[in-house]
Amino acid sequence: MTHFGEYVRTCRERLRAADPRFSVRQVAARIDVEPAYLSKVERGEVAPPSEATTVKLAAELGEDPDMLLALAGKVSSDLQEIIKKRPRLFADLIRALKAAPDKAVLRLVREVRDGNW
């Protein structure tokens, strides 16, 4: 089972324990895929779905779409466009942050988001 599929199944089953609307069939119907396909994704028998379907699945499960895309080995198209504009700079930044503790990365994100640089 792929990490993506395992994670999706765990999330869906956790929701299903409290709400029967989170069966494979019902979730598949709401994200416009076949139940057999979603079941195969969860079991790691097929590759994770497209970006659009992964984003719908994240919304359905109440998960962060960027996190689910990352588990699928993908990067959202909007982030790809941002990176394409300054590839060297973003590559250097990501590599420099690779070993940084989460607290430091979060502080940097907050500073940039708030315009405090």
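The values are calculated or read from the model by the stated rules, or taken from the named source; none is laboratory data. A quick note: this is a predicted structure, and the numbers were derived from the prediction, not measured. In this analysis, Cβ positions are derived from the backbone assuming ideal geometry, glycine residues included, and neighbour counts consider all displayed protein chains.
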query: Got a number for residues in the range 97-117 being surrounded by 10 or more Cβ atoms within 10 Å (Cβ to Cβ) and part of a helix (DSSP H, G or I)?
result: 10
task: Residues being closer than 25 Å to residue 79 by Cα and outside any helix (DSSP H, G or I): count how many of those fall in the range 1-32.
output: 3
query: Can you name the condition, by its number, that residue 50 falls short on among (1) without any contact (Cβ under 8 Å) to a residue 12 or more places away in the chain; (2) within 13 Å of residue 8 (Cβ to Cβ); (3) of a type outside the set (A, V, I, L, M, F, W, C); (4) out of contact with any helix residue (DSSP H, G or I) (no Cβ under 8 Å at 6 or more places or on another chain)?
result: (2)
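Against the condition over 30 Å from residue 42 (Cα atoms) and aliphatic (A, V, I, L, M), how does residue 72 come out, does it pass? Even if it seems obvious, please write down each step before you answer.
Details: over 30 Å from residue 42 (Cα atoms): no; aliphatic (A, V, I, L, M): yes.
No.
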- prompt: What number of residues within the range 34-57 are surrounded by 19 or more Cβ atoms within 10 Å (Cβ to Cβ) and part of a loop (DSSP other than H, G, I, E, B)?
  reply: 2
message: When you check residue 78 against the structure, is it among the charged types (D, E, K, R), exposed (fewer than 11 other Cβ atoms within 10 Å of the Cβ) and not in a helix (DSSP H, G or I), yes or no?
response: no
query: Here is a list of conditions, (1) within 28 Å of residue 5 (Cα to Cα); (2) at pLDDT below 95; (3) among the basic types (Lys, Arg), and residue 107 meets all of them except one; can you say which number that is?
result: (1)
Residue 60 in the same structural domain as residue 7 (by TED's automatic domain parsing), in a helix (DSSP H, G or I) and without any contact (Cβ under 8 Å) to a residue 60 or more places away in the chain: yes
